[in-house]
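All remarks here apply to the structure that follows.
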Amino acid sequence: MADIDLIKRKVGKLGLDSFVIRIIKSEVEQIRFSNNNVDLRNFWVKEGISIFLNSGKKLTDISLDNDSDIEEKIDRAYRSMMGGEDSNTFNGINPEKYNSIERAREREKSVELDDIVAGCVEGARDGGSERTTGLAYRTFTDDRIVTTFNEHHVTYDDFNFDVRAFNGQNTGQEGIHFSSVEKNPVEIARNAGYEAGKTSSLKVPMIGFEPGDYETLLSPYVIGNIFSYCSSLFSAYSVEMGMSYLEESLGKKVASSSLSLMDSPMNLSGSSYSAFDDEGTPCFDKKLINKGVLESFVHSYSTAVAAKTKTTGNAGIINPQPIQLSMENGNKAVDSMIQSIDKGLYIKNAWYTRFQDNRNAVFSTVPRDGIFKVENGEIKGRISGVRISDSFGKIINNITDVSKELKNVKFWEEVFPSIMASAIVSDLHVTKAF
Amino acid sequence: MIELMDRILEKLEKGSKYGEVRYMSGEGTQSSMRNSEFQGEATSSGEGIAVRALNESIGMGFISSFDLGKIEEVVDKVLRNSHRNGRNGLFTSGGVKDRWDALGKHKVEDIQSSDRIELMKSIDEMMKSHSLSVRINAIYHRKSKQIYQNTSGSLIESKFSRIGYFMVGGYKDGNSFEEIYRQFGTTGGMDNFKDLNVYQKIEDTVKNLKEISASPSAKPGRYDVVISPEIAGIVAHESCGHPTEWDRISGREGSLAGESFLTGKKYPYKIGSPVVSVIDDPTIKGSYGYYKYDDEGIKARKRYLYRNGMTDEFIHSRESASNYGVEPNGGGRASDWDMEPLARMSTTYIEPGDQTFEELIEDVKNGIYIKTYTEWNIDDIRFNEKYVGSEAFLIENGKLKGRVRKPAIETTTVNFYSSIDAVSNELEFSAGTCGKGDPEQGVETWMGGPSVRLRNIYIS
């Protein structure tokens, strides 16, 4: 196993302006299951070593899976860096000294991953599923960072799972992430399985659909998918690059006043809880959109210097990103939001979001796992073969209501671990195949 | 390394019905440039061991440490897991001993940092000369070594390198923004990379962005549509390659990228017009997804996925083949040492025909020619898909006319393939990184085909 002090001594001899050494050791268990049976049990013992070196405007980044020949690899990267080009947009790593963060989270040993899988399958069956597919993870992480200026060490223990229930052609899906602060993981799995099963077995007919603009209730997964794919709009790096339509919008209204969007790395309930960022700046929660007004982009020290502001603790040293998005909840229960729709849609999941214009966030995404037509406040039938084809700016401006329920959602690579609400969006453009 | 692997194999032989051990290492470098500014260079150096054991179920373990005690702990856990409940279908063939390499003549380790930067600079300058305000360029290469062994007597060693290039260009006019993405890739050395002609292809792509952004939309309605090899490639990949991966059809990927419209069908199943066949072939030298043996020690070969409008062969890993009751066909790919092998594509393309591109166009009275694309997506059973054109032209009475902006095809797989009445004699490929599995694995692919003519397609 790599010795961070040895690497520090080696890097220290290079006469650099700054460096970052981070070692993330992890033990990960995974169970994959389909059609109610286990396909595979995976187990990883990994070590990720990342080393960032900087001298003047020169920088390089080294990623290693173990410490074999590490001194030679550092020397090679250093020589290449010193003989290479300047990175003129780089403004250094955060030089501020912080109190060292030392946080060890108790490793949860009482929960068996097999029990979480069983909870998913049994819950889905109880919800009416004919067959259930999914996977579950538990991850123990030991994360240590040493920079020229700071040093921190934390451990995490977290879980996440996906459960998809099938009922003939109909499906329902839930994906939840949580840390070991949650005391009853099996119950969480059972409830999620039940919800997926219930969605798949809801007894309403398949009905026709005409493309158009609809008042639409979007589940936390659909909202999470859209925010995940559009999260780079809030990165100062995207702004610098000319790839965010929000570039001139700080302090301006960019969304409906029903929307408050946060980056919440300190929310302990989620699996993307982070104590510090990639340059050792302690993380903190911040509002990105406050009641419709753009309050902040996310910054590393380098992008903050360029923008004449302060880092938000979101490094990526070069390309800062939100860490754990969350929404402020509203007042209405999801059921009463459905009842408020006269003629519209209820979409419970979406995937495969792709853009025709990344700067203006014009995209389409494909609904799945429960797409319902709502009339007079009731779910009247299922529809299929449809697509949300719209833009981020229009969608967040057209949010008319946000649910009081929040959910820790994560779905494969489609929804980053986040804490999302359901939301009603007016005039959502929905198309279909011909 | 072989000695260490032999010790692991010995343990697997004692504790399982069948076992595998796979060592993989990789050394990679990536440089990037944003709007004429160098963003730095990143190097990666990874290695580790994957172990798989079959008993009452299947267990896999992955470790990056070469501490024998820690490796034994992982192997013990894999063996314990393989005795728990679950499926245990896994094709256990072996006895293959071979070595292969694909390193090219001009080796990646000899590529200088300055060479990479010069290429990016020249492309950045060219993009700037075409008035693009957003210019992102990145070049990367990785040299990999793999040793695969199983308890059935296979030992396969390989060395290969891959080089890739990625660019994004954007033209801004007020609030209007026209963007284009391109990826290029090859397996081999810098000599193979030069054959890709990256500079010229990027210039061909970006030089018209300004004109494209000013072009009018097509009137929504039904048209005959001719698509270029680039669009044919993404169609072949998305609506043929993915739905014919047997682990999708069987439901194993169901909670992730989904299942397949072919699930539960009787095969061969009619997909469309008899003029269309789709092939997946890992053995094309220089292709981005080239390999001689897959990551499960199975020899790669060409496969017809659709033949004359009907399903033909499915893509298999050892696991999916065993569950379907056939022999694996070299589709088991793992993107790195810490990933499980899944049924994957390599180079997927629509088979060319015998007409020229001009002949395809000549026979169109009222149509649209789509040369490049931007947004696309497809549903989780690979049936309902959308392709939005980037560079596109009207066709009137057999002649290409003015540009049209962002014509969108939104249709179904069967309707798409049933609408094809002719394919050209061209064959071109483009590169992509295909995502699948959890943890998601991006594997290198080519996709391509000829130009393809479709009749009476709705354009929005």
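General observations
- For the condition over 23 Å from B:GLY289 (Cα atoms) and either in contact with a Ser or Thr (Cβ under 6 Å, 6 or more places away or on another chain) or in the same structural domain as B:GLY15 (by TED's automatic domain parsing) (or both), B:ARG142 does not qualify.
- Within the stretch B:38-79, being of a type outside the set (Gly, Ala, Ser), farther than 18 Å from B:GLU20 by Cβ and at the interface with another protein chain (Cβ under 7 Å from one of its Cβ atoms) holds for B:PHE38, B:GLN39, B:GLU41, B:THR43, B:LYS70.
- Within the stretch A:150-163, the residues that satisfy the criterion of being touching an Asp or Glu at 6+ places or on another chain (Cβ under 7 Å) and open to solvent by less than 10 Å² (accessible area, probe 1.4 Å) are A:VAL154, A:ASP157, A:VAL163.
- Yes/no for B:ILE350 being open to solvent by less than 10 Å² (accessible area, probe 1.4 Å), under 30 Å from B:GLU396 (Cα atoms) and in contact (Cβ under 8 Å) with a residue 24 or more places away in the chain: yes
- Some residue of the stretch A:208-215 being at pLDDT 95 or above, open to solvent by less than 30 Å² (accessible area, probe 1.4 Å) and within 20 Å of B:ASP438 (Cβ to Cβ): no
- Under the condition of being of a type in the set (A, V, I, L, M) and either under 15 Å from A:HIS153 (Cα atoms) or in the same structural domain as A:LYS308 (by TED's automatic domain parsing) (or both), the residues counted in the stretch A:92-108 number 2.
- Residues in the stretch A:95-138 that are of a type in the set (S, T, N, Q) and either at pLDDT 95 or above or crowded, with 18+ Cβ neighbours inside 10 Å (or both): A:ASN99, A:SER100, A:SER129, A:THR132, A:THR133.
- B:ASP247 satisfies every condition listed in (1) closer than 18 Å to A:THR133 by Cα; (2) crowded, with 21+ Cβ neighbours inside 10 Å; (3) within 11 Å of another protein chain (Cβ to nearest Cβ); (4) out of contact with any helix residue (DSSP H, G or I) (no Cβ under 6 Å at 6 or more places or on another chain) except (4).
- Matching residues, the stretch A:122-172, being among the hydroxyl-bearing types (Ser, Thr, Tyr) and within 14 Å of another protein chain (Cβ to nearest Cβ): A:SER129, A:THR132, A:THR133, A:TYR137, A:THR139, A:THR171
- Residue check for B:ARG84: within 10 Å of chain A (Cβ to nearest Cβ) and either out of contact with any helix residue (DSSP H, G or I) (no Cβ under 9 Å at 6 or more places or on another chain) or part of a strand (DSSP E or B) (or both): no
- Single unsatisfied condition, A:ILE188 versus (1) more than 10 Å from chain B (Cβ to nearest Cβ); (2) surrounded by 24 or more Cβ atoms within 10 Å (Cβ to Cβ); (3) part of a helix (DSSP H, G or I): (2)
- Matching strands (runs of 3 or more DSSP E) fully within the stretch B:18-78 where at least 2 residues are open to solvent by 10 Å² or more (accessible area, probe 1.4 Å): B:18-34, B:37-54
- Count of the stretch B:121-137 residues, restricted to those that are in a helix (DSSP H, G or I) and surrounded by 19 or more Cβ atoms within 10 Å (Cβ to Cβ), is 3.
- Being assigned to a loop (DSSP other than H, G, I, E, B) and of a type in the set (Asp, Glu) is a property that B:GLU327 has.
- Any chance A:GLU47 is in contact with a Phe, Trp or Tyr (Cβ under 6 Å, 6 or more places away or on another chain) and within 10 Å of chain B (Cβ to nearest Cβ): no
- Which listed residue is in the same structural domain as A:GLU215 (by TED's automatic domain parsing), assigned to a loop (DSSP other than H, G, I, E, B), of a type in the set (Lys, Arg) and modelled with pLDDT of 95 or more, from A:LYS308, A:LYS394: A:LYS308
- Here B:GLU118, B:GLU109 are screened, and the one residue that is part of a helix (DSSP H, G or I), open to solvent by 20 Å² or more (accessible area, probe 1.4 Å), in contact with a strand residue (DSSP E or B) (Cβ under 9 Å, 6 or more places away or on another chain) and not assigned by TED's automatic domain parsing to the domain that holds B:GLU296 is B:GLU109.
- A:MET266 of a type outside the set (D, E, K, R), under 22 Å from the mean Cα position of the chain (by Cα) and either assigned to a strand (DSSP E or B) or not assigned by TED's automatic domain parsing to the domain that holds A:GLU405 (or both): no
- Of the criteria (1) at the interface with chain B (Cβ under 7 Å from one of its Cβ atoms); (2) within 20 Å of A:ARG22 (Cβ to Cβ), which one A:GLY84 fails: (2)
Residue by residue, here is whether (1) in contact (Cβ under 8 Å) with a residue 40 or more places away in the chain; (2) among the basic types (Lys, Arg) holds:
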{"residue": "B:ASN137", "(1), (2)": "yes, no"}
{"residue": "B:TYR140", "(1), (2)": "yes, no"}
{"residue": "B:ILE156", "(1), (2)": "yes, no"}
{"residue": "B:ASN175", "(1), (2)": "no, no"}
{"residue": "B:ASP191", "(1), (2)": "yes, no"}
{"residue": "B:ARG222", "(1), (2)": "yes, yes"}
{"residue": "B:TRP246", "(1), (2)": "yes, no"}
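- Taken over the stretch A:4-36, the criterion of being touching a helix residue (DSSP H, G or I) at 6+ places or on another chain (Cβ under 9 Å) and open to solvent by 50 Å² or more (accessible area, probe 1.4 Å) is satisfied by A:LEU6, A:GLU29, A:ASN36.
The values are calculated or read from the model by the stated rules, or taken from the named source; none is laboratory data. Note that the coordinates shown come from a computational prediction; the quantities given were computed from them, not determined experimentally. Don't worry about glycine lacking a Cβ; one is built from the backbone with ideal geometry, like all the others, and counts go over all protein chains shown. Each accessible area value is taken on the protein alone, full model and side chains, heavy atoms only, with ligands, DNA and RNA left out. Shrake-Rupley method; radii C 1.70, N 1.55, O 1.52, S 1.80 Å.
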